[in-house]
1. Please enumerate the residues belonging to the stretch B:425-434 that are surrounded by 24 or more Cβ atoms within 10 Å (Cβ to Cβ) and facing another protein chain (nearest Cβ under 7 Å).
2. Mind counting the residues in the stretch A:449-482 that are touching a residue at least 60 places away in the same chain (Cβ under 8 Å) and either in contact with a His (Cβ under 7 Å, 6 or more places away or on another chain) or in a loop (DSSP other than H, G, I, E, B) (or both)?
3. Just to be sure, is A:R480 basic (K, R), surrounded by 21 or more Cβ atoms within 10 Å (Cβ to Cβ) and touching a helix residue (DSSP H, G or I) at 6+ places or on another chain (Cβ under 9 Å)?
4. Picking from B:A420, B:A364, B:A404, B:A437, which residue would you name as being within 12 Å of chain A (Cβ to nearest Cβ), in contact with a Leu (Cβ under 6 Å, 6 or more places away or on another chain), closer than 19 Å to B:L322 by Cα and buried (at least 22 other Cβ atoms within 10 Å of the Cβ)?
5. B:V57 passes all but one of (1) under 24 Å from B:Q498 (Cα atoms); (2) β-branched (V, I, T); (3) modelled with pLDDT of 95 or more; which number fails?
6. Checking B:G410 against (1) at the interface with chain A (Cβ under 10 Å from one of its Cβ atoms); (2) closer than 11 Å to B:T483 by Cβ: exactly one of these is not met. Which one?
7. Out of everything in the stretch A:203-215 that is in a helix (DSSP H, G or I) and out of contact with any helix residue (DSSP H, G or I) (no Cβ under 8 Å at 6 or more places or on another chain), what residue ends up being nearest to A:T63 (Cα to Cα)?
Amino acid sequence: MSFPLLTVIIFTPFVGAIATLLTPSRRPEYARVAGYVFSIATAGMTAYLLWHFKAHHVGYQFTELHRWMPTLGIKYSLGVDGISLFMVGLTALLFPIGLLASAKVDDRVKVFTVWMLVLETALMGVFLSLDLMLFFVFFEVVLVPMYFIIGGWGHGRRVYAALKFFIFTMAGSAFLFAGLLALVFLHQSDTHKLTFDIQTLAAWAPKGLDNSTAKWLFMAFFAAFAVKVPLFPLHTWLPDAHTEAPTAGSVILAGVLLKMGTYGFLRFSIGFFPKAAVDLAPLLLVLSTIGIIYGAVVATMQTDLKRLVAYSSVAHLGFVVLGIFALTTQGLDGALFTMVSHGLTTGALFLLVGMLYERRHTREISDFGGLWKSAPVLGGLFCAAAFASIGLPGFSGFVGEFLTLIGTFVVHRPYAIIAAVGVILAALYLLWAFQRAFTGEPSGENATIADLDFRELACVVPLLALSLFLGIYPKPLLDRVEPAVKSTICHVERTTHYREPASARGRSTACAASQEASK
Amino acid sequence: MIAAAVQHLATPHVDALSFLPEAFLGGAAILIVLIRSALRRSSAMFGLSVATALIGVAASGGAVFAQWYRIDVDGPYAAFNAMVAIDGFRVFLAAVVLGATFAALLLSIAYLRREGLEGPEYLALMLLSATGMLAMTAANDLLVVFVALEVLSIPLYVLAAFDRRRLTSQEAGLKYFVLGAFSSAIFLYGVALTYGATGTTRLVGNASVPSIAGFLSSNTLLDQGALFAGLALLLVGLGFKIAAAPFHMWTPDVYQGAPTPVTAFMASATKAAGFAAILRILLSGLSIYRLDWRPAIFGLAALSLLVGSIAALVQTDIKRMLAYSSIAHAGYILIGLEAATPRGLAASLFYLLSYAAMAIGAFAVVTVISRRGDDRHALDDYRGLAVHHPVLAGLLTFFLLAQAGVPFTGGFVAKLNVFAAAADARQYAILIVGVIAAAIAAFFYLRVVVLMYMTDSEDSAAPRRVHVDPASALVLAVAAVLTLELGVLPATMLHWAQHAGLLFA
C-alpha cells in the first residue's frame, strides 16, 4: 500500500485542531503556532501533490479506497484530478495566509484556530472525495466551522449573517441530499448494485435515467450548488456573510467556499446529468449573465468597501458559471482558471480591506481618502489587487475571463457580448472605489495611518505574485486542467447529441480523435 | 371422551429465558420496595436501593444478552404460545431501553439528592415502567401489547408528577394521566375491533397458532370496515405514546413539567418501546395491508416533522424546544416505517438508538445546568454558557448538532438511513418533507448554540457554579462517545440494525 497522501492532506489540519485544543487557553501564542505549523505542513504536502501530479493524464490520481458504511455501499474513496487539484492547492495556500492575517485576533484565539483547521479539513475533503456521500458529508461539515467563524469573530450583524448563511446553504443541500439518494437508489434498482461511487454513477446516470427524472435530479443538485456559488437570485446571503465575517473568514469564503458550488456543477451536474445540463444550459447562462451585470452594478453602488468586494464576487462567479455551461473546452478552462484566479485576487482584496479596517475601524469608502500618500505600499498593493481583479492583461484574471468569453462567444454569442460589459463595469467599480479611497490629499486620521508591516506583506504579496505568474505563464495550470476538462466535454458528447464546435476546442483535439489516439 | 379433552387442555410451555429480562427488572423494583419498608429511615436505604436498581438493570441486560446468544445459535423463536417473540428486533430495542433506563437512573441519583426527593419509590417506578417497555419489545399479541402499555404508562404518570412541590410537575402528571388513560382506552377499543375482524389478537404465528397475519393471508375480508377502524384506533393509541402529531399535544407540557431525568427517560426509552409496538404490529401483523396503512403513516410522519420543526422555532424554554424536536424525530423514525421495507425497519431501529443517545445527552446537560429547583430552563438561562462552562456548552452543542443531523454524528447517519430507505422505496414525497423539516430544524438548534457562544461575557445569564456529579459525567461521556461513534464508524451498529429482523416477518 502506498503512502495515503490525500488522507494525510485531509486530516493533518484535523490533527492540528485537536493539538490546538490541548494548548492552554492562557497562552494564545501556542495556539497560533500550532495553527501555522499544521496549515503549513498541509500546504507542504499539497505542494508535493502538485509537483507529483502527472500532467496530461486523464482520470484520478493518488486514489484511495476503504469500506465505511457497507450496508449502504458508502466507501471512503479519495482521488484527485485536474478539476480538483487546484482547488486543493488554493485551499492549502489560503489557510496559512488566513491564519497569518488573523494575528490581530485576540479574542479566544485557540477556538478560532481550531475552527479554522476543522474548516480546512472539511474543504479538503470536499474536493478530494470520490464517494458521493463522503462528498456530501464534508460539504455539510463545512457549514459548522464557517458558521462559528462568522458568528463568533465577525463584525456588526455577525449573528444574523452567520444564521442566514447557514440556513440558505442548509436548505440548498437538503435538496442535494434528496437528489443524491434518489440517484443512488435508482441506480440500485437498475443494476442491483448499491454504490455512491462517483465514477460508477457518472458512467451509469446519463443512460440509466430518463429525461424528466434527470431534469428533476439536476434541479435538486442545482439548488445546493447555486446557493453556494451563489447564482443570482440566490446570492442574498453572500454580501452579509462576506461583510460581517472576519478577514480570514472572508478570504476563505470567497477563495474556496464559493468554489464548492462551481466544483459541484462541473463534477456532478454535468457528470451525472449531461443531457439535462445541455438542455437547461440556457437557464444557467441567463442567470450567470444576470449575475455578472447585477453584481457589477450593485458593487458600483456600494459605500462599504468590503461589501463592494463581496458583490464583485457575485460577478466573478457569474463568469465561472458562464464558462462551465458554455460547455466548450475553452469555456471550462476559463472557468477553472477564473476559480483559481478569483481566489487569489479577491483573497488579496479582502486581506487589504481587512488591513484598512484594522487601521481605521471603518469600511466606508467616504471615510477614506488620499491613503496612497500616507501608506504608499498599501496603496500600491491595493492598486495591483484591483487591477488583478479587474482582469488586466498580465494578471491571472485576464486569462480566465478571456478564455471564458472566447469559449462562450463561439457557441452563445449574445451572452458573451453582454458578459463582456461586466468586465468594463468591474473596472468602473474597483477603480472608482480606489480613486475615492486612495487618491487625493489625506486628511485627519487618513494622513497618519501606518503602512504595511512585514507580516501583512507576507499575506498579500504571495497571492498577487501568484496571480501575476499565472497571468504571464498559465501553462502549468492549463496543462493539468485540460485533460480533465477534455474528458468532461467528451463525457457530454458521448452521452448526448451535443457536439462541441471545432473552433471552441482551442489546442485540444476532438473527442473521437483523442480517443483514437489514446488507443 | 371427556377425560381425553381435559388431558388435551393445553398449558403453555413456559420458557424461562424468554421472560428473564422482564423478571429481573420487575424483581428489582419489588426488592426496592421491600428494602424501603425494611430499612425505613436508615441512611443506607437510598444507596442500597440505587445499587439494587442498577444491578437489576445490569442483570436484565445480561439476560437479554443470553437471549441474543440463543437467537444467534438457534435463530429467533416464539414463546408462550407465540404471545411473545424473541428475535433480533426484540434484542436490539431491549438493549436501547435498558441502556436508556440505566442512564436515566444514573442521572436521577444526583437529581433526587439535589431536589431532596430521595425516595426509592422513584427508582422502583422507573424499573417497573422499564419492565413494561421490555415486554413491549417482545409482544406478539395485541393483548400483551396492551398489558405492557399499561405497565409502562402507569408508573410514568406518577414519575411525571414526582416533584410534588413544583406545580408544573403536578400538572404534567395529571395531563399525562388523563390523556394517557384516554389513549389506552382507544387502543383497547382498537384491539377489540381487530379481534372482531380477524378472530384473534395474536400478530403472527405458525401453523398451529391462529394469528392476524395468518388469518388475513388466507382469507379475504368482504367487509374491511371493522379492521380499518381497529387499525385506526390502534394507530391513535400508539401515536400518542410515540408523540407523533396530531397526537402530540401532551408532549411539550409533560416534557417541560416532568423532572428532567424522567423527561430523558420518556424521550429515549418510552419512544423506543412505543415504536417497538407500532413497528411490530404494522410490519409483521398487518404487513399485508401495507398499502392501506401507508398513507396513514405518511400523514403521521409528515405532520410530526412539520409540526415538530415549526413549533420548536418559537419556543423559549429548552425543555419545550426539545419536546417539539422529539416530535419531529418521531416523524423521521416513521419515515423508515413508511418505507415498509427491511431497510426501512433497520433505519428506524438505528434512528431509535442514536436518538436515545442524543436525547439523553441533551437532557443530561439540561439536568445538570438547571440546578436546585429544576425550573431554570428558559433559553435565556443558557446565554453565554460557554464563557463559564466551555465543556458543558460544547457537549450540549454537540448533542444539538447531532439532533440537527450534522455529519460525523449519529444523527446524520440515522437521518441518512431513513432517507435512504425512503428513496429506496420510491417514497419521494416523504423524503422531500423530511429534508425540508431537517433544514428548518437546523435553525432552532443553532439558536441555542448562538445564545451559548455568541454572547458577550458581561450579559451572561448562565449559572456561574454548576456541580457535575460523577454519575452524570459518566452518562454525558458515554452519550457523547456513542453519538460520535455512530456518526464516524457506524458500520457495526448498522449491521446489527439490519439483522435485527422481525420473527415471521
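The values are calculated or read from the model by the stated rules, or taken from the named source; none is laboratory data. Not measured: the values here are computed from a predicted model. Positions of Cβ are backbone-derived with ideal geometry, glycine not excepted, and every protein chain shown enters the neighbour counts.
1. Across the stretch B:425-434, the qualifying residue is only B:L431.
2. Selection size over the stretch A:449-482: 6.
3. So A:R480 fits the description; yes.
4. B:A437
5. Checking B:V57 against (1) under 24 Å from B:Q498 (Cα atoms); (2) β-branched (V, I, T); (3) modelled with pLDDT of 95 or more, the one that fails is (1).
6. (1)
7. The residue in question is A:A203.
Every residue, every condition in (1) part of a helix (DSSP H, G or I); (2) within 10 Å of another protein chain (Cβ to nearest Cβ); (3) among the aliphatic types (A, V, I, L, M), yes or no:
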residue	(1), (2), (3)
A:V88	yes, no, yes
A:L100	yes, no, yes
A:A103	yes, no, yes
A:M116	yes, no, yes
A:V137	yes, yes, yes
A:P145	yes, no, no
